[in-house]
Amino acid sequence: MPSLAMDHKHAIGRGLAAGPQVQGRSAPRAAERIISVHLDRWMNLGPVGRSGTFVTRHRTGARAIQTACFPGKSNMPMSESTAAALPRPCFRRRPVWFALPLLACAALAAAWAPPVLAQAVAETDGYREPVPELKAIVDAPRAPQLTLSPRRDLALLVQTPDLPGIEVVAQPELKLAGLRIHPRVHAPSAFAFGSDLWLMDVGDGQQIRIAGLPQPLGLAGAAWSPDQRWLAFNRIDRASGGNELWLVDVGARRASRLLGGLNTVAGGGWSWLPDSSGLLVHLQVAGAPALPAADAVPTGPNIQQTDAGAGVRSVRTYQDLLRNENDARTLEHYLTSQLARVDIGGATRRIGAPALYTSSAVSPDGRHVLAQRIERPFSFLVPLMRFPRVIEVLDAATGNPVHTVARLPLVEGLPTGNDAVPTGVRSISWRADAPATLVWAEAQDGGDPARESTVRDAVQMQAAPFKAAPVLLAELASRYAGITWGRGDLALLNEYWWKTRRTRTWRIQPDQPGQAPKLIVERSSEDRYSDPGNPVTAPDANGRQRLLTSADGGSLFLAGAGASPEGDRPFVDRYDLASGQSERLFHSQAPYYEVPRELLDATGTRLLITRESPTEPTNYYVRDAAAALEFRGIRPDQSTAVVQ
């Protein structure tokens, strides 16, 4: 008898895990299934009395029959009122002997039940859905994502499902060196894909539908061409394993497939050329390093060595690291890509040789490519961003190396402190307002925040053809945090020190690096009330984001969250560069919460905003001094615009 009780407990577990099995089972399995179904449904099903009473329900024809099981008694039919009068279940630990009469009653009920019960049980197989009211709430469509065109007169709208389906969540996933990879499509593992896209005229809110879109859309990313004639988007087709690039002809309102076989494992994987003639892409390589066998036998031990004399180093805890050589070979297989240029007509020209590229960026003049690739030895302690790295400039037409910026070693530890950084070239990018000029930072304190130093970071600049030595652009007392470019005499440089939370913004003149920088603002990053906002940018003719200035070039625009004792009140200010004074152009006021999303002109008085309130869902508006145009047509089933 004790063994029977133990078997019963295991049987319930198997029944719940395996799902209903009606045919081809033994009598004990039938009893197990009855127990599992009724326990599942009774957490809302039949009353279980405090004395061990268990009630089962089933249907025979049109009449419902309830069967009560009492310890030591046989099953007996009972009325609905009698069943309702039984005490509610008491979910508490019970002695093992309670399982014995419960199992016996359930087995008798299963044997007595008519065949219709098997059909009812089978209907509970698989995933269950909530009642329609709850399902409608969960599946309610979210507001589409909006991206303005370069001329800010059209908007791209992308609809994304609120929750991914089980077929998306169940996709295969590899976790290698800090990356999460969908192996079948050579792309990052992702769970949110656009299901629809269309355009909208910003002036009147009219929707523009696109013909020829693939189904399902599976949109992973989209970007306007600098000249606004084209819209490119990356499509992931899980069913076929496709990683594709598609083009939308904005004038013709039609989409077409450009090419397949993209490799976007490291993120990005494609970008527009500055003249809008085509794109730079990363392609999958047929001759990539072979995948190791699934049951590959290790060729040797995993060896980790600690070098003497490296000083005190801290190694953070990272997830999804490489574990062995098989993982390393798998990473090489999926990360290897081939750079190529593809024109609007689909003609593809490979440039350079395949490599383990992590990023590529075309210079603003379109003549060079800044490429970064990793090399062995790999590490089992840190993610891919700390692996040995080669930073080089390639010829955009041939892929031939033009200039090697740096060869960075493996970084498996840093000095202690959140302000510690690796030594050597860091945060490198193209200067947005120059044809082909590189800008980067280098630590001057050995990357160690504990070391006394008046200069922590030096910002360097080097222009093509990269023959002359780098030029010092700025020396910083804390860590470099990026530059927002404007023009030759205007750029905003940011620095930050985590330990004190101090942040500074300087005005610099990139064309005159010898000029002393001018401090614009210094504050604590934790003081949200004093936040002056972030500079507003807009794309230039080459598609690069640059500071949006007033028509006379004397003012910037700042947009911020507007933290206050009454809550956030987003704002837009015009900042005068000469006087350092700000003029408020827009300020959200109760009862609405309004957020400026884009400035639509160089005066700062015409804005694209989102508005919501406790009684109104989020919607887009075009707001200016004269009127507000509400976009009610932001979903496919709506197509009107209302002028207020």
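Extension gain, VAL297 to VAL168: 0.36 nm times the residue separation minus the Cα-Cα distance gives 43.2 nm. In sequence order, the stretch 268-279 has phi-based couplings of x, x, 6, 7, 6, 6, x, 8, 6, 7, x, 9 Hz under the Karplus curve 6.51 cos²θ - 1.76 cosθ + 1.60, θ = phi - 60°, and Gly or Pro positions carry x. Magnitude of the charge dipole for the stretch 574-614, about its Cα centre and with charges confined to Cβ atoms of Lys, Arg (+1) and Asp, Glu (-1), is about 40 debye. Basic side chains Lys and Arg get +1 at the Cβ, acidic Asp and Glu get -1 at the Cβ, and with that the dipole of the stretch 524-567 about its Cα centre reaches some 240 debye. Candidate cross-link partners of LYS467 among the aspartates and glutamates, defined by an alpha-carbon separation under 19 Å and a same-chain spacing of 8 or more, comprise ASP365, GLU392, ASP395, ASP511. For THR398, the accessible area of its heavy atoms, probed at 1.4 Å with every protein chain present, is near 70 square angstrom.
Straightening the chain between TRP498 and ASP204 buys 101.2 nm, computed as 0.36 nm per residue apart minus the Cα-Cα spacing. A dipole drawn for the stretch 449-528 from +1 and -1 charges on Cβ atoms has a positive end, and of PRO517, PRO470, ALA481 the residue lying farthest that way is ALA481.
Straight Cα distances below 17 angstrom link LYS518 to the aspartates and glutamates GLU475, ASP489, GLU495, ASP576, with same-chain residues fewer than 8 positions distant left out. The stretch between ALA143 and GLN545, if pulled fully straight at 0.36 nm per residue, gains 142.2 nm over its current Cα-Cα span.
For the stretch 183-327, the Cα-based Rg and Dmax, in that order, read 21.4, 69 Å.
Go ahead and run the numbers for FRET between ILE344 and ALA211, Cβ-Cβ distance against an R0 of 25 Å, rounding to 0.05. Once rounded, the FRET efficiency stands at 0.90.
Under the combined filter of DSSP loop state and at most 10 neighbouring Cβ atoms within 10 Å, the stretch 511-575 retains these GluC sites (Glu not before Pro): GLU526, GLU566. Of the chymotrypsin sites (Phe, Trp or Tyr not before Pro) found in the stretch 138-228, those that fall in a DSSP loop while having at most 16 other beta-carbon atoms within 10 Å are PHE191. Within the straight-line cut-off of under 20 Å between alpha carbons, the aspartates and glutamates reachable from LYS175 are GLU167, ASP295, ASP320, GLU325, ASP327, GLU332, GLU375, GLU412, sequence neighbours fewer than 8 places apart in one chain being disregarded. The listed residues HIS333, HIS182 rank as HIS333, HIS182 when sorted by accessible area, largest first, using a 1.4 Å probe.
The values are calculated or read from the model by the stated rules, or taken from the named source; none is laboratory data. For clarity, every value in this text was computed on a predicted model and none was experimentally measured. Heads up, the Cβs are rebuilt from the backbone with ideal geometry, glycines too, and the neighbour counts pull from every protein chain shown. What goes into the accessible areas is simple: the full protein's heavy atoms, side chains included, and nothing from ligands, DNA or RNA. Shrake-Rupley method; radii C 1.70, N 1.55, O 1.52, S 1.80 Å.
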